[in-house]
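Single-structure report; data block below.
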Amino acid sequence: MAASSDDARSTSSGDRRKSARDVRSAPAGDRRTPARTSQYMIAPAGPGVSGQELAEQLNQFGNIEILRTRDRRDTTAPPIAVVRIADDAATALRRSAAGSLIIEPDLHLRAASFAGALSVLPTAAMMTAFGPDLKVTIRIVSEAGTPVEQTAVRLIGEQVSVQGLTDSDGRIDLTLQGEQPDTVAAIIVNPRSGFWGLWQHRPHLEADAVNTFTLKPLSLPEALDWGAQPCSLIRSRRNAAAPESGSL
């Protein structure tokens, strides 16, 4: 018996609905997340390797984009290749090189004062995700406890830094985006006058309290320094050699 047109239309629409359901329910396993790539600096661990030889060795490994190379200049400066490579591929290259290559992330340089911070948190700036803002209150006072106003205060974090001036009460509210109290690398305090500046590495800060820092006053020396003593001696000799008024 031949199917009616209504049955044909029902079958056709049912097939379309089934096909649409199959497309929507199709797993996305084939969509692979691309590997995370970073810049690395690669240099030979031993002497006698030129920049060209280093580049050829890296090209043999594959999956490495050589951005630039620096040839060796003397016995103490080996050739260096700056490359872009997936992080897992860099790990594999380091393992397969078996110590013949020095592979380090190509990171921004930091001041030598932060060397201790890098040893404690070597990858904090790259691995710490931006979270809640860190809001702290800083108060700058003298040794007598009086507020020091118009003092420049700067907080340096692992990711950002912020600065401002204290008010008449010696206070300032600063906000560091994506930082935590233990990721603040340093605080730098520069008073306008009358006090020594302050620099503190890894300060202990509390977000729910007033963090007070005390400045030491600048004191004038009681005696003349070595530069002022000759000037004073010259003036005294000139006064002694000058004739008294009315003596001529």
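When you check GLY194 against the structure, is it closer than 30 Å to ILE85 by Cα and at pLDDT below 95, yes or no? Judged against the criteria, GLY194 is not a match.
So, of the residues in the stretch 92-122 that are of a type in the set (Val, Ile, Thr) and modelled with pLDDT of 85 or more, which turns out to be nearest to the chain's Cα centre (by Cα)?
If we filter the stretch 92-122 for residues that are of a type in the set (Val, Ile, Thr), which is where we start, we get 102-103, 120.
Restricting the remaining residues to those that are modelled with pLDDT of 85 or more gives 102-103.
Values: ILE102: 23, ILE103: 20 Å.
The selected residue is ILE103.
The values are calculated or read from the model by the stated rules, or taken from the named source; none is laboratory data. Bear in mind the structure is a predicted one, so any value in this text is a computation, not a measurement.
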